[in-house]
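Remarks on the structure that follows.
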Amino acid sequence: MTHVSERGGAPGESTGGSGEERRVWKGSGGRSVRKRTSYADAGVSIDAGERAVELLKSKVKDTRRPEVMGDLGGFAGLFRLDTGRYRHPILASSTDGVGTKLVIAQQLDIHDTVGIDLVAMVVDDLVACGAEPLFLLDYIACGEVLPDKVAEIGAGIADGCRYAGCALLGGETAEHPGVLRPDEYDISATGVGVVEESEILGPDRVEVGDVVIAMKSSGLHSNGYSLVRHVLLGAGRMRLDTVIEEFGRQRTLGEELLTPTKIYAKDCLKLIAEAEVRALAHVTGGGIPGNLVRILPETVDAVVNRSTWRPQPIFDLVQAKGRIEDSEMEATFNMGVGMFAIVSAEDADRALATLAGRGVDAWQVGEVIEGTGQVQMIGQHTRG
């Protein structure tokens, strides 16, 4: 994060950029008296924002790549792109947020994991086209800048960038008094990556006979939380500190719901280097069918066999508590798969071995057949 600013306030309030302004008011004697009003009186603390940035500097340095120029505090982040590595470099970009998973973090007062979710949502979209994530810019909007809390959020973002191998190049922390409550915040990020033009992954590479490989998710990831909160915390009246036996290790509902999203970027880049990867699909909103269909040409179908894996217990809990239809579950949640790779049949074993060597739980989930660009979900998930 490069600096702190305020872009909002209660209706009718002045939110000029100057440090202080003068307002005229009448004293008891009727004479005009000038009262000095500071920016802090409007609910914005420049000092608090600067302290938050100082707390984060060491974490941000841990994400630094050789191409990064300068240091925090500039008006823009600078990144020297090594064009010598590419014949025809193509820049890829992605923007995303974490959604209402943030509500759980705010209720539990745990803020050092949602930044990992944020990075995952951005970089795993970038790698889906074959791009290496280069850098990320974050945006934190909060009702009140509490340096320690902002530092926790930022530390999670920095951790995510380290896991993805990209630099946290800069960003913005904005204080919005009168718009957000003091304990409320929202976060988003934009990432930039690069890929050789001839190596862009996508539907045009997918062929009949290719193998579909699934990579296990860490749980719900960062999608469907409005529905989760409705059925578990609303209608279900469950408490976040409730220990759920099925989760194991005396794990509470809140801990499960805050499990960080798995970051696949480095694993997928290694997979691309070792095997003939045709396409990658990051499973986010829309579930398995809604995202896998995005990488299929109109001449083929992808067959996904549910019997090859068992979704984590959190999915069973949500479905049972909400009495949710199977089709709605699959259209909303990842159901235990966070990323798909379509690879050539000849390289399927190599691909699985590469992922296993990196500690990724992956398996052959189906195949590509002649069709009309649809995803065929067959079989039933294993239970118990």
Out of curiosity, is Leu253 open to solvent by 20 Å² or more (accessible area, probe 1.4 Å) and under 24 Å from the mean Cα position of the chain (by Cα)? no
Just give me the residues in the range 57-69 being surrounded by 13 or more Cβ atoms within 10 Å (Cβ to Cβ) and in a strand (DSSP E or B), in sequence order. Val68
Among the candidates Lys270, Lys262, residue that is within 27 Å of Gly171 (Cα to Cα), open to solvent by 20 Å² or more (accessible area, probe 1.4 Å) and either at pLDDT 95 or above or among the aliphatic types (A, V, I, L, M) (or both): Lys262
Please enumerate the residues belonging to the range 212-223 that are outside any loop (DSSP other than H, G, I, E, B) and open to solvent by 10 Å² or more (accessible area, probe 1.4 Å). Lys216
Starting from the range 364-384, keep only residues that are farther than 23 Å from Leu352 by Cα and outside any strand (DSSP E or B), then list their pairs with residues that are open to solvent by 70 Å² or more (accessible area, probe 1.4 Å) and at pLDDT 95 or above whose Cβ atoms are within a distance under 6 Å, requiring at least 6 positions of separation or different chains. Gly373/Glu298
Looking only at residues that are in a strand (DSSP E or B) and open to solvent by less than 10 Å² (accessible area, probe 1.4 Å) in the range 120-137, which one is farthest from Ile90 (Cα to Cα)? Leu136
Of all residues in the range 338-384, which are β-branched (Val, Ile, Thr), under 14 Å from Pro311 (Cβ atoms) and surrounded by 14 or more Cβ atoms within 10 Å (Cβ to Cβ)? Val365
Name every residue in the range 287-332 that is part of a helix (DSSP H, G or I), closer than 21 Å to Ile200 by Cα and open to solvent by less than 30 Å² (accessible area, probe 1.4 Å), in order of residue number. Asn291, Leu292, Ile295
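Select from the range 180-205 the residues that are among the hydrophobic types (A, V, I, L, M, F, W, C) and either assigned to a loop (DSSP other than H, G, I, E, B) or exposed (fewer than 15 other Cβ atoms within 10 Å of the Cβ) (or both) and list them in ascending order.
Once the filter is applied, which keeps residues that are among the hydrophobic types (A, V, I, L, M, F, W, C) and either assigned to a loop (DSSP other than H, G, I, E, B) or exposed (fewer than 15 other Cβ atoms within 10 Å of the Cβ) (or both), the range 180-205 yields Ile200, Leu201.
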Output yes when any residue across the range 258-274 is in a loop (DSSP other than H, G, I, E, B) and either touching a Phe, Trp or Tyr at 6+ places or on another chain (Cβ under 6 Å) or closer than 30 Å to Thr372 by Cβ (or both), and no when none is. yes
Do any residues in the range 92-117 that are in contact (Cβ under 8 Å) with a residue 24 or more places away in the chain have Cβ atoms under 7 Å from those of residues that are of a type in the set (Asp, Glu) and assigned to a helix (DSSP H, G or I), where the two are at least six apart or on different chains, and which pairs are they? Ser94/Asp125; Asp96/Asp125; Val98/Asp117; Lys101/Asp117; His111/Glu152; Asp112/Glu152; Gly115/Asp159; Ile116/Asp159
Odd one out for Ile157 among (1) part of a helix (DSSP H, G or I); (2) closer than 28 Å to Glu330 by Cβ; (3) touching an Asp or Glu at 6+ places or on another chain (Cβ under 7 Å): (2)
Of everything in the range 70-89, what is outside any loop (DSSP other than H, G, I, E, B), open to solvent by 80 Å² or more (accessible area, probe 1.4 Å) and over 14 Å from Glu197 (Cα atoms)? Give them in sequence order. Leu78
List the number of the failed condition for Met335; all other conditions in (1) surrounded by fewer than 18 Cβ atoms within 10 Å (Cβ to Cβ); (2) at positive phi; (3) of a type outside the set (Ser, Thr, Tyr) hold. (1)
Of all residues in the range 90-119, count the ones that are closer than 22 Å to Phe135 by Cβ, more than 11 Å from the chain's Cα centre (by Cα) and open to solvent by 50 Å² or more (accessible area, probe 1.4 Å). 4
Give Arg323, Arg350 a once-over and let me know the one that is charged (D, E, K, R) and either at pLDDT below 95 or touching an Asp or Glu at 6+ places or on another chain (Cβ under 9 Å) (or both). Arg350
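Considering only residues of the range 229-243 that are in contact (Cβ under 8 Å) with a residue 60 or more places away in the chain and assigned to a helix (DSSP H, G or I), which is most open to solvent (accessible area, probe 1.4 Å)?
Looking at the filtered set, the residue picked out is His230.
The values are calculated or read from the model by the stated rules, or taken from the named source; none is laboratory data. For clarity, every value in this text was computed on a predicted model and none was experimentally measured. Note: ideal-geometry Cβ built from the backbone for every residue, glycine included; neighbour counts use all protein chains shown. Each accessible area value is taken on the protein alone, full model and side chains, heavy atoms only, with ligands, DNA and RNA left out. Shrake-Rupley method; radii C 1.70, N 1.55, O 1.52, S 1.80 Å.
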